[in-house]
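Here's the structure we're looking at; comments come further down.
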Amino acid sequence: MKHLKILGLALVAAAALMAFLGAGTASATKLCEDKACTVDYAKGTKIVSTLSGSAILETTGGTVLDTCTGGEVNGKTSETEGEPLSGSISALTWSGCSKTTDTTATGELKIKATSGGNGEVEGVGSSVTVSGIFGTSCVYGTGTGTKLGELQGGTPATLAISALVPRTVANALCPAETRWTASYTVTSPTSLFVG
């Protein structure tokens, strides 16, 4: 009986140790100043990114629907780390567009670390209306979650967008989904990596 109690206590201690080690090896996504992630950015860090080149909205068949030559994606982190790390979008702007393009809901971004200081980016709750596509207004958005592309760490970092964005308001004249391609240079902070 004494041996059973000792064996039972040993099993409980081993289970507790495994749980502790398992919890210690799990890591959440965070934004850092350096690639080694020795300096973390805190909750509320403001991120400003400016369009480089053009943002293109096209059909899955390659017909260009809208092209913009200017714009920004700005926001701030909602937490220091998370899995995924989330942040609210404060501005999603468009300028120099071939069609009237307006953001009607900014939504949020979620980032999940991949490798090499980079992270996968998902959009949630954003909505954009593009007027003049086939003579009508089309509304596209990220809904409950749309994979947008990658945050490529660097000095400066780059938000590389290549996404199929679904139509969110029924309109038979509008394509059911469009491809959004764009590259945004992160201007603040000047050095940004995903860890």
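Considering the Cα trace of region 147-195, what is its radius of gyration and what is Dmax, both in angstroms?
Answer for region 147-195, Rg first and Dmax second: 14.7, 44 Å.
Subtracting the Cα-Cα distance from 0.36 nm times the residue separation, let me have the gained length for Ser137 to Thr67 in nm, one decimal.
Taking Ser137 through Thr67 to full extension adds about 23.7 nm, to one decimal.
Given the Cα atoms of region 102-195, and with Rh set as the inverse mean 1/r over their pairs in the Kirkwood sense, what is Rg to Rh to two decimals?
Here the Rg-to-Rh quotient is 1.05.
What number, in percent, do you get for the relative contact order of region 33-147 if the mean sequence gap of Cα pairs under 8 Å and at least 6 apart is divided by its residue count?
Relative contact order of region 33-147: 18 percent.
Return the FRET efficiency for the residue pair Lys43, Ser162: r is the Cβ-Cβ distance, R0 is 25 Å, and the value is rounded to the nearest 0.05.
0.30
Please work out the C-alpha center-to-center distance from region 50-75 to region 93-155 and express it in whole Å.
Cα centroid to Cα centroid, the span is 10 Å.
Any idea how far apart Thr187 and Ser115 come out in nm if each label point goes 7 Å out from Cα toward Cβ?
3.4
Round to a whole number: what % of the accessible area of the chain belongs to carbon and sulfur, probe 1.4 Å?
60
Simple spin-label model, 7 Å along Cα-to-Cβ: Thr104 to Thr60 in nm?
2.3
Relative to the longest principal axis of the chain, what angle (0 to 90°, nearest 10) does the C-alpha long axis of helix 2-25 take?
Approximately 30 degrees, to the nearest 10.
With a 1.4 Å probe and all protein chains left in place, how much accessible area per residue does region 16-165 have, in Å²?
48
Report the far tail of the P(r) of region 39-195, meaning the percent of Cα-Cα pairs longer than 26 Å.
The share of Cα pairs beyond 26 Å in region 39-195 comes to 23 percent.
Kirkwood Rh, region 69-140, all Cα pairs: how many Å?
Computed over Cα pairs of region 69-140, the Kirkwood hydrodynamic radius comes out at 13.6 Å.
Under 17 Å from a label point 7 Å along Cα→Cβ of Asp34: give me every residue in region 169-195 with its amide N that close.
Residues 190-195 qualify, since their backbone N sits under 17 Å from the label point.
Bin by bin, in steps of 5 Å, what percent of the Cα pairs in region 117-164 do you find, going until the bin that has the longest distance?
Result, from short to long distances: 5, 19, 20, 18, 16, 11, 6, 3, 1 percent.
The values are calculated or read from the model by the stated rules, or taken from the named source; none is laboratory data. Remember, it's a predicted structure, so these values are computed and weren't measured experimentally. All Cβ positions, glycine included, derive from the backbone under ideal geometry; neighbour counts span all protein chains shown. Heads up: the accessible areas ignore ligands, DNA and RNA and are worked out on the full protein's heavy atoms, side chains in. Shrake-Rupley method; radii C 1.70, N 1.55, O 1.52, S 1.80 Å.
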